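The values are calculated or read from the model by the stated rules, or taken from the named source; none is laboratory data. Every value quoted in this text rests on a predicted model; they were computed, and no experiment measured them. As a convention, Cβ positions derive from the backbone with ideal geometry for all residues, glycine included, and neighbour counts pool all protein chains shown.
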Amino acid sequence: MLEKIKKIREITGAGVVNVKKALDESGGDEQKAIEILKKQGHDKALKKTDRVASEGMVVSYVHSNNRVGALVKIFCETDFVARNVEFQELAKDIAMQVVAMSPQFLKAEDVPSELIEKEKEIWKEQLANEKKPAEIIEKIILGKEKKYREEISLLTQSFVKDPSIKIADLITEKIAKIGEKIEVGEFVRFEL
């Protein structure tokens with residue numbers, strides 16, 4: 001039991017008491033306990049959304065080929081957390097994400113409607129050429145729009161180191177673990 005608690009603590013960053021409660025609730029199932037703790041962490045993160053994150057850091061990442069790099073501004077509530085290794089690793093991971101996936105916007109709702117309309121025209125033309133019925137075309141276009149918004153927005157992209165989670169979820173996990181509001185400010189990507 002002690003080994004399970006230690007292992008889950010390393011994965012989630014949750015306290016011993018919380019890990020033990022989650023293990024008891026899950027009947028000793030490690031994966032279920034981790035899910036319970038993640039949900040609790042998500043709940044904690046939601047409670048922190050109204051806080052002000054005015055500290056933080058600017059982090060850079062330059063790919064090994066020295067031809068592409070990024071600068072990212074990431075915020076937290078205190079300078080103590082800004083000096084925290086986990087916060088700094090998160091910032092580096094996000095900068096690496098910007099280099100690898102080239103997001104154009106922070107959030108999916110930030111994508112301008114003009115850009116979406118241009119894409120919709122292209123999709124409609126492609127689908128019309130495939131002789132799809134009109135009612136199916138509209139459903140396909142809605143799906144394509146959602147996917148397109150997610151692909152070009154940093155927070156909704158799949159994390160390059162672990163494609164099973166989104167960047168927003170990665171940040172939420174760190175909020176739960178560190179205990180402070182964390183948010184991405186601006187980012188810029190450079191490429192030769």
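If you check L37, L90, L46 for being within 27 Å of E183 (Cα to Cα), of a type outside the set (S, T, N, Q) and modelled with pLDDT of 80 or more, only one passes: L90. Where helices (runs of 4 or more DSSP H) sit wholly within the range 80-192, those with at least 3 residues that are touching a strand residue (DSSP E or B) at 6+ places or on another chain (Cβ under 8 Å) occupy 85-101, 167-178. Answer yes or no as to whether V99 is touching a helix residue (DSSP H, G or I) at 6+ places or on another chain (Cβ under 9 Å) and among the β-branched types (V, I, T). Judged against the criteria, V99 is not a match.
The rows are residues; the columns are (1) in the same structural domain as K177 (by TED's automatic domain parsing); (2) at pLDDT 75 or above; (3) within 18 Å of the chain's Cα centre (by Cα); (4) farther than 24 Å from Q97 by Cα.
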| residue | (1), (2), (3), (4) |
| --- | --- |
| L23 | no, yes, no, yes |
| G27 | no, yes, no, yes |
| G41 | no, no, yes, no |
| Y61 | yes, yes, yes, no |
| E77 | yes, yes, no, no |
